[in-house]
Amino acid sequence: MSKIKDKIGKTIHQQIVCGLTKSGHSGVIAMMCWGAHDFVAKERNDESGDLLDGLGSLHFKVIGSKFRGSVNVILHFNDTYKVIFTKDKKWKDPKNVVEEVDNVYFDQLTDVIDKRVELPVKDEMPVCP
């Protein structure tokens with residue numbers, strides 16, 4: 001992973017890494033299974049525009065078994081996240097949005113992303129199908 005300089009972006013990344021999927025796998029394992037790459041953190045005051053009323057965000061690409069595209073995690077003022085799954089980097093374009101999940105708490109973040117990106121893992125299956 002490239003260095004994430006923004007404090008909020010680092011925090012979001014750490015919360016995903018430290019989280020768990022519903023099947024009990026760590027965020028580190030989940031991120032490897034997702035093929036997560038090209039991490040970009042954005043602050044609210046970036047010249048690129050607003051962050052849908054968020055404080056900051058972390059964007060990254062995934063190559064999962066169920067979903068391939070971008071994951072955009074936006075921190076709201078009430079300490080919850082909005083997770084937006086898009087077909088490509090143009091995440092502000094509504095026609096590229098595949099799914100939005102709002103009011104996600106930090107301890108739910110890894111599982112919310114995993115449910116959309118990867119197929120469910122059965123006990124007898126390996127971690128990364």
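Average the reciprocal distances over every distinct pair of alpha-carbons in the stretch 7-117, invert the result, and give the Kirkwood radius in Å.
Hydrodynamic radius (Kirkwood, Cα pairs) of the stretch 7-117 is 13.7 Å.
Please work out how many pairs of lysine residues in the stretch 7-117 are eight or more positions apart (or on different chains) and have Cα atoms closer than 17 angstrom.
Taking the Cα cut-off of 17 Å, the pair count is 24.
Grab the beta carbon distance between ASN78 and LEU119, set R0 = 25 Å, and tell me the FRET efficiency rounded to 0.05.
Details: r = 32 Å, r/R0 = 1.28.
Efficiency, from the Cβ-Cβ distance: 0.20.
For SER65 and ASN96, what is the calculated FRET efficiency with R₀ set at 25 Å and r taken between the beta-carbons, to the nearest 0.05? It would help to have the intermediate numbers written out before the result.
Details: r = 21 Å, r/R0 = 0.83.
Approximately 0.75, to the nearest 0.05.
Could you give each residue of the stretch 28-38 its phi-based ³J(HN,Hα) in whole Hz, using Karplus coefficients 6.51, -1.76, 1.60 with θ = phi - 60°, and x for Gly or Pro?
So the Karplus estimates, Gly and Pro as x, are 5, 4, 4, 5, 5, 5, 6, x, 5, 7, 6 Hz.
What are the ³J(HN,Hα) couplings of the stretch 12-22, residue after residue, when phi is run through the Karplus curve with 6.51, -1.76, 1.60 and θ = phi - 60°? Round to Hz, x for glycine and proline.
4, 4, 4, 5, 5, 4, 7, x, 10, 7, 4
Computed from the coordinates by the stated procedures, all read-outs in this text should not be read as laboratory data. Please read all numbers here as calculations on a predicted model, not as lab measurements. Reconstructed Cβ throughout: ideal geometry from the backbone, glycine too, with neighbour counts over all protein chains shown.
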